[in-house]
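Here is the structure we will look at, set down as C-alpha cells.
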Amino acid sequence: MNINYFFLFILSCLLMIFLIFKPSEISQQKFGDVPLFSISFFTMHELNTKGLITLMNGDIATRYTDRYTVEKINYTDNSKEYLANMKSNSGIYKDDIVYLDGDIVYAREDGLTFETQKATYNKKTAFATADGDYVLYKGSNIVNGKELKYNNSLERVESKDVVVKYQLEERNK
C-alpha cells in the first residue's frame, strides 16, 4: 500500500508541475532584409557579346538578394544608340532600373544633360524620369520644368510647367 501512495504522490506532483509551470515560448526573430555583402570604392562592368554595356561605380555598395544600394553612384548605360551617364549622391539598382536620389546629373554623349534631385532610369526601355523640378540643357538651349519624362531611344521629352530658352540658327540662302 505504501508504494501506491508513493506513485500517487509522484503523479500528483507531475500534474501540478504541468499545470503550474507552462512551457516557455521561444520568440523567433525574422531577418527580412539582410545584406549579402558590402564593398567600398568599387567598379562593376557588365559585358555581353557586343562589349561593355553597363559600367557602375561608387563609394560604398551593399548587395541584397534583389538589389544594390550605392552611395555616390556613377552609372553608365552603353546598351542603346547614345551613351548615357548618371551621377547621384545615392542610388538603388534593381531589375535593370536605377533609382537616383540627390544632386543628379544625367548626361548623354550628344550633349543633352539634365539636373534634378530625384530620378529613375529604366535600362530596358531607355526612359529617364525626374519627379520634381529639373533643368535640361543642350548647348545654349535651356529647359526648366517639372516631372520630366525622357525617352532616350526616340529622343522625345515630355514635361509640365515648362519654361524654354533656345537659340535659333540663321540659315544663309
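The values are calculated or read from the model by the stated rules, or taken from the named source; none is laboratory data. This structure is a prediction, so every number in the text was calculated from the model and none was measured. Don't worry about glycine lacking a Cβ; one is built from the backbone with ideal geometry, like all the others, and counts go over all protein chains shown. Heads up: the accessible areas ignore ligands, DNA and RNA and are worked out on the full protein's heavy atoms, side chains in. Shrake-Rupley method; radii C 1.70, N 1.55, O 1.52, S 1.80 Å.
Overview of values
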item: Candidate set from the range 33-72 (those that are of a type in the set (K, R) and surrounded by 10 or more Cβ atoms within 10 Å (Cβ to Cβ)); member that is modelled with the highest pLDDT; result: K72
item: Any hit, the range 64-85, residues being under 24 Å from Y137 (Cα atoms), of a type in the set (A, V, I, L, M, F, W, C) and in contact (Cβ under 8 Å) with a residue 40 or more places away in the chain; result: yes
item: In the range 77-96, the residues that are over 17 Å from Q117 (Cα atoms), surrounded by fewer than 17 Cβ atoms within 10 Å (Cβ to Cβ) and modelled with pLDDT of 85 or more; result: K94, D95, D96
item: First in the range 17-44 and free of Cβ contacts under 8 Å to residues at least 12 places away in the same chain, second anywhere and surrounded by 10 or more Cβ atoms within 10 Å (Cβ to Cβ), Cβ under 9 Å, 6 or more apart; result: none
item: K138 vs. criteria open to solvent by 70 Å² or more (accessible area, probe 1.4 Å), touching a Gly at 6+ places or on another chain (Cβ under 6 Å), closer than 22 Å to L83 by Cβ and not aliphatic (A, V, I, L, M); result: yes
item: Any chance G132 is small (G, A, S), farther than 24 Å from T76 by Cα and without any contact (Cβ under 8 Å) to a residue 24 or more places away in the chain; result: no
item: Test: residue in the range 97-105 that is in contact (Cβ under 8 Å) with a residue 24 or more places away in the chain and among the hydroxyl-bearing types (S, T, Y); result: no
item: Filter pass, E115 being open to solvent by 70 Å² or more (accessible area, probe 1.4 Å), charged (D, E, K, R) and touching an Asp or Glu at 6+ places or on another chain (Cβ under 9 Å); result: yes
